[in-house]
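The structure appears right after this line, and notes come after that.
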Amino acid sequence: MPEDGALCGTFFMNGDVACAEGAISAGCRFFAGYPITPATEVAERMSERLPHVGGIYIQMEDEIASMNAILGASWAGLKAMTSTSGPGFSLMMENLGLGVMLETPCVLVNIQRAGPSTGLPTMAAQGDMMQARWGSHGSYEIIALVPSSPQEIFDLTITAFNLSERYRVPVLVMSDEAVGHMSEKVVIPRISPKELVSRRRPDGTQEQYLPYKADEDLVPPMAIAGEGYRFHVTGLTHDERGYPVMTVEAQDQLVRRLVDKIRLNKKDIIRYEEVGVEDAEVIVCAYGISTRVARLAVQEARNAGIRAGMLRLITVWPFAEDRIRELAQQVKAFVVPEINYGQIVLEVERCAAGKASTLLVPHMGGGVHHPQTILKAIKEAVQ
Amino acid sequence: MLDNKQGCKSLGTKEIRIAGFGGQGVVLSGLILGQAASIYDDGFSALTQSYGPEARGGSCTAEVVISDEPIGYPYVQSPNVLIILSQEAYNKYSQDLPAGALMIIDPDLVKPEPSQNPAPLSIPATRMARDMGRTVVANIIILGFLAAVSDLISPEALKNSVLASVPKGTEEFNTKAFELGYNYGLEHGRKGEVADG
């Protein structure tokens, strides 16, 4: 093991453990959480690993406190993460909004299980995708990444920290039980410091520093609480100093910037993979674990003479709307398999805007689609 | 390409189900198998397992999918190999076996139907482990047996994976257990039967 404590090598590990290792490799040195199936192994691994790398693990009294604790750790200068599932994700929503309002870099991992409510605690779902986008109150933008394998959850947890530090926004890793509890080969490379992003720090004098005055990219440099720069946090609408200002103008200025710093930088943020879309007449638009079975269905459709392709969303938020709009000019239909009863399909439908039809392949949760089910939908879609 | 007769299983994919009680080393066996296939044999494998209280005393299952290409569907559809370590697991999983599937049982724990064709391969691994002085190595004995009677994974890869997974200081004992099972397999097994699934 290298001196910084990050693992390096080839391992056979489950997605939860790979997520924790991704966090360690990304420089995460604070974790606060509350155990919940199927995310417990993330916390368990962090509790084992953090003390060995000079980090701090705190088991909190609940998920509300967990979310608060990682915000505080981030203000104190650490890269911080929590992980949860289902009911715990709901409890974190209020303070996720505080993280957005105070432009706090942090990572929230949701190993999704089937709901509503307690649902199927030990079984997979993708039912929190819209909650990820809209779960906290008010107008905001968020970044959400969706991994499809233990290897990818390792990689994307690092990406999540990088985007979070770059844009000063909480980033969600929206995985699921199938990926979290599945063990596969995970190659952990030596991550060089150049591959890691840290929040931009103020470079002016302490007297001139305004904690919420953004640079040209709409992201403000961030000082560490206690190092001498002015530091003020409030969930109230605030000015560049961080002081509450209860006016329509201040609200307009702040909320517009919080949203636009993501929207105007979406080209840098949005990630997707395309498989055989060049000549496609039908495209399966999928994310997470569903992309693995979708890939089999697309191959099989090709073997049957159907010009099928796949758009694998890696970021679900912000949504790859420009790409869907382009593809809608070309294809007859989008097929959208989801382990829910229709969430991201609404976004696809919005962007297709009637130019291509949209076919949902729902799964109520508790497992993953059969490739044959998706294949059947592909065949229906081109008829 | 999907094998249409087998639902959504890719051709060239092998599936293994290990089922028994919690505490028999079912999950560790799955981990050793999966690790052997994807790291020491340099292929692809995915392990899924039963989760919750059942993995700590009740019925317990580990499923390993092995392939020479990345694995899409990670769950067992039509197993090529079943390792059955309890009567309950036998009753649940012995029906509707695909043709050519190999079943391995511990005859002290499982009484198979006389009509089952082909008859399962037997290894009294729990008794052999007890005779060695430690019942906990029964799963390692069975993995040695599997290495001898099937071509799913090379014996070297499986043995390396065992050694990488057992507690430090127990390597020699586990090697002995693995070789005991392997030699029993060479003597009593039918090597190569599941090579083509």
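The values are calculated or read from the model by the stated rules, or taken from the named source; none is laboratory data. Predicted model, so just to flag it, every value in this text is computed and none were measured. FYI the Cβ positions are ideal-geometry reconstructions off the backbone, even for glycines, and counts take in every protein chain you see. Surface areas here come from the heavy atoms of the whole protein model, side chains and all, with no ligands, DNA or RNA. Shrake-Rupley method; radii C 1.70, N 1.55, O 1.52, S 1.80 Å.
Pick from A:271, A:29, A:323 the residue whose mean-square fluctuation is largest in a GNM of chain A, springs joining Cα atoms under 10 Å.
A:323
Would you calculate a helix-derived [θ] at 222 nm for chain B, using -39,500 (n - 2.57) for each DSSP H run of n ≥ 4 and dividing by the full residue count, to the nearest 500?
On the way: 6 runs with 66 residues, N = 197.
That calculation yields -10000 deg cm²/dmol at 222 nm.
Give me the inter-chain shielding for B:73-79: mean count of other chain Cβ atoms within 10 Å, whole number please. Let's see the in-between values first.
Values: counts 10, 11, 5, 0, 1, 0, 0.
Counting Cβ atoms of other protein chains within 10 Å of each residue's Cβ and averaging gives 4.
Can you tell me which of B:44, B:173, B:21 moves the most in a GNM of chain B? Springs connect C-alpha atoms under 10 Å apart.
Its mean-square fluctuation being the largest, the pick is B:173.
Take peptide A:298-310, look around each residue's Cβ out to 10 angstrom, count Cβ atoms belonging to other protein chains, and average those counts.
Numbers: counts 0, 4, 5, 0, 1, 2, 0, 0, 0, 0, 0, 0, 0.
Shielding by partners across A:298-310 averages 1.
Cα centroids of region B:159-188 and region A:278-307: how far apart, whole angstrom?
Here the two parts' Cα centres lie 43 Å apart.
Lys/Arg Cβ at +1, Asp/Glu Cβ at -1, dipole of the protein assembly as shown taken about the Cα centre: which of B:58, B:148, A:318 is farthest positive-ward?
So the residue furthest toward the plus end is A:318.
Say R0 is 45 Å: what FRET efficiency, to the nearest 0.05, do residue B:117 and residue B:163 get from their beta-carbon distance?
Working: r = 37 Å, r/R0 = 0.82.
After rounding, the FRET efficiency stands at 0.75.
Excluding residues on the same chain fewer than 8 positions from residue A:79, give the lysines whose Cα lies under 17 Å from its Cα.
A:194
When only alpha-carbon atoms are used, what values of Rg and Dmax, in angstrom, describe the protein assembly as shown?
Gyration radius and largest Cα-Cα distance of the protein assembly as shown: 25.8, 88 Å.
Using a 1.4 Å probe, how large is the accessible area of residue A:231, given in Å² and rounded to the nearest 10?
Solvent-accessible area, nearest 10 Å²: 70 Å².
Would you look at the GNM of chain A, springs on alpha carbons closer than 10 Å, and say which of A:201, A:295, A:312 moves the most?
Per the Cα network of chain A with a 10 Å cutoff, A:201 tops the list.
Take every residue in peptide A:177-188, count the Cβ atoms of other chains within 10 Å of its Cβ, and give the average of those counts.
On the way: counts 2, 4, 1, 0, 5, 10, 14, 11, 11, 2, 1, 0.
Across A:177-188, the average partner-chain Cβ count within 10 Å equals 5.
What lysines could a cross-link reach from residue B:159, if we take a straight Cα to Cα line under 26 Å and drop same-chain neighbours fewer than 8 places away?
Filter leaves A:185, B:14, B:168, B:176, B:191.
Restricting to Cα pairs below 8 Å that are 6+ residues apart, what does the relative contact order work out to for chain A? Please round to a whole percent. Could you put the intermediate results ahead of the total?
Values: 883 pairs, mean separation 61.7, N = 383.
Averaging sequence separation for qualifying contacts and normalising by length gives 16 percent for chain A.
Given Cα pairs under 8 Å that are at least 6 residues apart, what percent is the relative contact order of region A:1-76?
31 percent.
Under 17 Å Cα-Cα from residue A:355, which lysines qualify once same-chain neighbours fewer than 8 residues away are excluded?
Of all the lysines, those that pass the test against residue A:355 - Cα under 17 Å, at least 8 places apart if same chain - are A:332.
Mark the label point 7 Å from the Cα of residue A:210 along Cα→Cβ and return the residues of region A:243-261 whose backbone N is within less than 16 Å of it.
A:243-247, A:249-258
Principal axes first, then extents: for the Cα atoms of region A:273-382, list largest minus smallest coordinate on each axis, whole Å, largest first.
Principal extents (Cα only, largest first): 31, 31, 22 Å.
Using Cα pairs under 8 angstrom and six or more residues apart, how large is the relative contact order of region B:9-188, in percent?
Numbers: 345 pairs, mean separation 39.2, N = 180.
With pairs under 8 Å counted, the relative contact order is 22 percent.
Which value at 222 nm does chain A reach when only helices count, each DSSP H run of 4 or more adding -39,500 (n - 2.57), with the total divided by all residues and rounded to the nearest 500 deg cm²/dmol? Walk me through the intermediate numbers first.
On the way: 13 runs with 143 residues, N = 383.
Result for chain A: -11500 deg cm²/dmol, rounded to the nearest 500.
To the nearest 20 debye, what is the magnitude of the charge dipole of region A:273-382 about its Cα centre, counting +1 on the Cβ of each Lys and Arg and -1 on the Cβ of each Asp and Glu? Could the numbers behind the result be given before it?
Numbers: 12 positive and 13 negative charges, 49 e Å.
So the dipole magnitude of region A:273-382 works out to roughly 240 debye.
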